[in-house]
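The values are calculated or read from the model by the stated rules, or taken from the named source; none is laboratory data. Only a predicted model underlies this, so the values are computations on that prediction, with no experimental measurement involved. Cβ: placed from backbone, ideal geometry, glycine included. Neighbour counts: every protein chain shown.
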Amino acid sequence: MPFYLFSLPPELITRILLHARIQDVIRCLQVNTSLRDLIRNTLILQYSIDAHFAGAEVLNGTDIDILTDTTLAERVSHLKERETAWRILRPDFRERINVLHTASGIYDLSGGIYFLGEAISHDSMLDRMQTVGLRYLRLPNKMFEESKWESIEVEAPIVDIGLSVYEHDLIAVITTSTESSVDITFTQISTSKPHPLAKQPKIRCHQIAPDSGRLAISIEIVGKYLALILTFPNAGVDVVDRFFVYEWMEGKLVIDHPAPASSVYTSLVFLSPTVLVVASTHPPASLDIWDLELACSVRSLLLPTLQPHMEYRSISARGEPNPYLSHSRDTSFQPKVFYDPKESIVVFNVHIQISNGLSWRSALVVVHRRALLEAGRRAGGVEKAVRYAEWGQKTTRWIPASELSTRWITTSAGQRMAVIHDTRGFRMADRSGAEGIRIYDFNPFHVRKWGQEVDDAKARWAAGVAEPNAYEGDVSDPWDGWDDNGDTDDEEEEEEEGDNDLYGHEDLDDEDFDEDAVETLGFAQVMDEELGDAEALVDMVNQFIASAEDGSPPIEPPLHFNLPTDSDSGGDDEIGEGSLHSTLSSPRSTTSSPGPSTTRVPHPPSAPGLQRNDSKAVPNMRIVTSPSTIFANGAVLTFEEPVVCELPCVVYTPANPASCGGLTGMYEGMLLDEERMLGLKTDELDNIVAIDVFHFG
C-alpha cells in the first residue's frame, strides 16, 4: 500500500519536520502548496527557521508540548525585533550603573550577570591586583529595572573564577592559601551557598613551587567537566604549566597533564561537552584538540610559522555561549533567545613578540566553533599535526589588533564580536565618536543577505534607476583616512596596496539548500505550482517512523573523536551540511575588484525620530568576503609565508551616537553578551568606575 504523507494528521507532520534539518524544512516549502501553507502557518516551524538564520537555538519536538501559541508568537516577534536592533545598532534603552567598590582585574560576563572582583584598595598597583572579594550584577532587561551589586563571600585571595550560569547556576572560585596551594570552591550563584551537586565543595588541585612567580589561569565548565590551565609566565626553568580536567560533581581528577615548558598553555575553550581546544605557544604553536573521553590530544591545528626573530607569547580565547548537556541546563538564567553554541564563534587574542622584546604584534583570530570541531575530526588523516593552510585559511579571519583595546576577552556572543579602539593610544586620542566601535557579524546568512543588497544597489545604479549615493550611502565614511591597521593614509602610501583591505562583495555559492525559498529572518514568496510529494521527503518520513519504533527520534551523532589510524582518511562530515565548510564555498577570486575597498549597503540618512523597527535604518556597513593577507607589509616580516584568511563577515559602525542610543567609542572596553553591550568607563588610574548597559533585547 503506497504511503501518502498528507494522510497523516498535521500535528504529526509538524513533529516530523521539527526533527528534520532546517535545510530540509526549507526545501519542503517548494514541495506543494499544502506543505508550504502548513510550514508558514505553524508558529513553532516559523520560529525554528528564523532562529536557524539568526544562529539561535532551534526548537525541537519536545518544545511543542510545553509552549503555547502566545509564547511562540512572542518568541517569533522578540527574535525579529532583537535581530533588527543589532542590525541597525539601535538599543531599546541605555542605563548607567556605578561601580561602588575598588575593582580588581578579575571579571566575567555570562547569563546576564556581570562579575567584578574587589581589590584591597586603589592606593598602589599591587593592591589593585589583589582580589579579596567578588561582586556581581544581574544586568537589567528593561528600562528603569533596578540593578544592585551583590557579593559572594570568599575567605582566601581570589586568583580567578569560572562560570556555568546557564547550565548549573555555578561559579567556581580559584583561590590560593597560605600553604601556597591552589583550591577550587564550588558555589551556587542564586543562593551563594555551596553547590548542591558538588560532593566536595572544595578541591585542592595544585601545590605551587617556591620559584613559580605569578600565576595565570584559564578555566571553563561544561557538563560534568571542569577544565583548568595553570600558567606561570615568570617561573624558573623547573616549573611548567599544567592542564587539569575534573569531573567536578564527583571531585574526581581525570587529566593531569604537564606542559613541555613554562608559559606554554595559555587558554582553552570547550567545543562540545567532551571536546576542548587548548592554545599552546610551544613551538610549533598550535590549537590542540583534546577528547576528554579518550583523555588525550587527538589533533594539533598548527598556527602560521613565524620568522626566526618572532615568537608567540600568549593566546587568550573565548567562545560564548558554552556548549551544554541538554538535560542539565538551568533555565532560571536563560535568555528569551539563546544562541546556538555549535554555531558561535571562538575568538583567539594572539600576541606575537619580536626578539628584541620591545615590539609586539597582536591579532584577533576568529573561527566558528563548528569549524574547529570539523577541522579536528577530518583534517590530517594519520598525521596528528595539521598545517594552517589546510584547516585555517578558509575558516578564519585575522583582524590586526595593535590599535584595539584587547584588555578584555568577553567581547563576543554567538556570531557577533565587538571591538573598540584603545583610547589610551596616542594616535586615537582625538577619535571620540561612534566610529571608535566596530561590530563584526560572522553569521554566513547575514553576509549573503547584505551582500545581495549591495549587488541589487549596483544593478539599480548601473541601470540608471538610482542615484550614486544609493550605493555609496548617505553618511560619510567614518574610516576615511584610516586603514584597518589604524594607520593614516600617509603611512599607508608607504606600504604595498591591498594589505588588510576590506574588499567588495562577491557572490557566495551555497550547495546546501535553495535560499530563494526563504528570506533571512522571514518567509518569502515561494513557488505556487504543485510539485507533488518529494521522494526525499518521503524517505525522511519513513526514516523517522522506522527510528521511532524504539521510541527515540533521530538525533545528531555524538561529537566524539577517534584516534587517527593508518586507515583514517578523515571520515564523513558528521556535523552535517550546515557546517561552515559546506555552507560557504571559497570566493571565486583572490584579488580585489576595481573600485573602493569599502562596500556599504544603501540606507537613508539617520533621523532623530527613526523607529527601532525600521530595518532600512542601518549603520555604516561593510561586507568582507574576499581573502586578505595578515601582516604582509611593513619593515619587519612576521610569518615565513603569506597568511591568508577567507572567513566572510559584515562589519558595522554606528552612523552617529544620537541614532544609536548614545553608543560611542569613548570607553576603555566594550563587552558583549546575548542581549547587551557593556561600555566600561575608567578613571585616571584605570579603575572601572561605571558601566553603561546598552540593551538590544
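Residues that are surrounded by fewer than 20 Cβ atoms within 10 Å (Cβ to Cβ), hydrophobic (A, V, I, L, M, F, W, C) and modelled with pLDDT of 90 or more within segment 40-60 are absent altogether.
So which residues in segment 72-93 are aromatic (Phe, Trp, Tyr) and outside any helix (DSSP H, G or I)? Give the steps one after another, and end with the answer.
First, the residues of segment 72-93 that are aromatic (Phe, Trp, Tyr): 86, 93.
The answer is Phe93, and nothing else.
Would it be correct to say that Glu674 is in a loop (DSSP other than H, G, I, E, B), modelled with pLDDT of 85 or more and over 15 Å from Arg87 (Cα atoms)? Steps first, answer last, please.
Numbers: in a loop (DSSP other than H, G, I, E, B): yes; modelled with pLDDT of 85 or more: yes; over 15 Å from Arg87 (Cα atoms): no.
No; evaluated as a whole, the condition is false for this residue.
Scanning segment 28-59 for residues that are free of Cβ contacts under 8 Å to residues at least 60 places away in the same chain, not in a helix (DSSP H, G or I) and not hydrophobic (A, V, I, L, M, F, W, C) yields a total of 2. Of all residues in segment 127-156, those that are in the same structural domain as Ser192 (by TED's automatic domain parsing) and over 26 Å from Phe93 (Cβ atoms) have Cβ atoms under 6 Å from Cβ atoms of residues that are buried (at least 16 other Cβ atoms within 10 Å of the Cβ) and of a type in the set (Asp, Glu), 6 or more apart or on another chain, in Gly133/Glu118. Across segment 677-687, the qualifying residues are those that are touching an Asp or Glu at 6+ places or on another chain (Cβ under 9 Å) and either assigned to a strand (DSSP E or B) or in contact (Cβ under 8 Å) with a residue 40 or more places away in the chain (or both), and the one among them that is farthest from Glu81 (Cα to Cα) is Thr682.
Inspection of segment 322-334 finds a residue satisfying the criterion of being in a loop (DSSP other than H, G, I, E, B), in contact with a helix residue (DSSP H, G or I) (Cβ under 9 Å, 6 or more places away or on another chain) and closer than 17 Å to Ser218 by Cβ. The residues listed here are Val239, Val269; of these, the one that is in the same structural domain as Gln130 (by TED's automatic domain parsing), assigned to a loop (DSSP other than H, G, I, E, B) and either under 20 Å from Ser180 (Cβ atoms) or modelled with pLDDT of 95 or more (or both) is Val239. Could you please find all residues in segment 1-27 being assigned to a helix (DSSP H, G or I), under 30 Å from the mean Cα position of the chain (by Cα) and of a type in the set (A, V, I, L, M, F, W, C)? Listed by number, the residues that qualify are Leu17, Leu18, Ile22, Val25, Ile26. Yes or no: Val277 within 20 Å of Val365 (Cβ to Cβ) and modelled with pLDDT of 95 or more? Spelling it out, Val277 is indeed within 20 Å of Val365 (Cβ to Cβ) and modelled with pLDDT of 95 or more.
So, Ile315, is that one under 30 Å from Val254 (Cβ atoms), β-branched (Val, Ile, Thr), out of contact with any Gly (no Cβ under 6 Å at 6 or more places or on another chain) and in the same structural domain as Thr274 (by TED's automatic domain parsing) or not? It would help to see each step written out before you state the result.
Details: under 30 Å from Val254 (Cβ atoms): yes; β-branched (Val, Ile, Thr): yes; out of contact with any Gly (no Cβ under 6 Å at 6 or more places or on another chain): yes; in the same structural domain as Thr274 (by TED's automatic domain parsing): yes.
Taking the combined requirement at face value, the residue satisfies it.
Out of Ala658, Ala632, one residue alone is more than 23 Å from His101 (Cα to Cα), of a type in the set (A, V, I, L, M), part of a helix (DSSP H, G or I) and modelled with pLDDT under 90. It is Ala658.
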